[in-house]
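The values are calculated or read from the model by the stated rules, or taken from the named source; none is laboratory data. A quick note: this is a predicted structure, and the numbers were derived from the prediction, not measured. Cβ placement follows ideal geometry from the backbone for every residue including glycine, while neighbour counts extend to all protein chains displayed.
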């Protein structure tokens, strides 16, 4: 296991950190959204059904973006390592 440090977003922004995984063809995702001081805004896990790891990563990001829009966060950034 490795320690992972998240870089905080700029002031007024929120940042999406997400992970999507598949095992035996069944996928799930985790989404965490933090503000510019690193405070947790929302976090959740989602079952995604059948797919691939890349599909799960993209779907988790899409779900995070939709939640941010629904909660009226418009200045959103994210990082990705799966593409």
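So here's what we get for this one:
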{"item": "Residue selected from region 63-81 under the condition surrounded by 14 or more Cβ atoms within 10 Å (Cβ to Cβ) and in contact with a helix residue (DSSP H, G or I) (Cβ under 8 Å, 6 or more places away or on another chain), by the criterion nearest to residue 23 (Cα to Cα)", "result": "78"}
{"item": "Selection within region 44-57 - assigned to a loop (DSSP other than H, G, I, E, B) and surrounded by 15 or more Cβ atoms within 10 Å (Cβ to Cβ)", "result": "51"}
{"item": "Breaking point among (1) surrounded by 12 or more Cβ atoms within 10 Å (Cβ to Cβ); (2) modelled with pLDDT of 95 or more; (3) assigned to a helix (DSSP H, G or I), for residue 60", "result": "(2)"}
{"item": "In region 54-68, the residues that are free of Cβ contacts under 8 Å to residues at least 12 places away in the same chain and over 15 Å from residue 80 (Cβ atoms)", "result": "66"}
{"item": "Every residue from region 23-43 that is under 14 Å from the mean Cα position of the chain (by Cα), within 21 Å of residue 58 (Cβ to Cβ) and surrounded by fewer than 15 Cβ atoms within 10 Å (Cβ to Cβ)", "result": "43"}
{"item": "Residues located in region 11-53, provided they are in contact (Cβ under 8 Å) with a residue 60 or more places away in the chain and at negative phi", "result": "13, 14, 15, 16, 17, 18, 20"}
{"item": "Extreme residue, surrounded by the fewest Cβ atoms within 10 Å (Cβ to Cβ), among residues of region 9-22 that are touching a strand residue (DSSP E or B) at 6+ places or on another chain (Cβ under 9 Å) and more than 15 Å from residue 79 (Cβ to Cβ)", "result": "21"}
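Residue-wise test of (1) modelled with pLDDT under 90; (2) in contact with a strand residue (DSSP E or B) (Cβ under 9 Å, 6 or more places away or on another chain).
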position	(1), (2)
24	yes, no
27	no, yes
77	no, yes
82	yes, yes
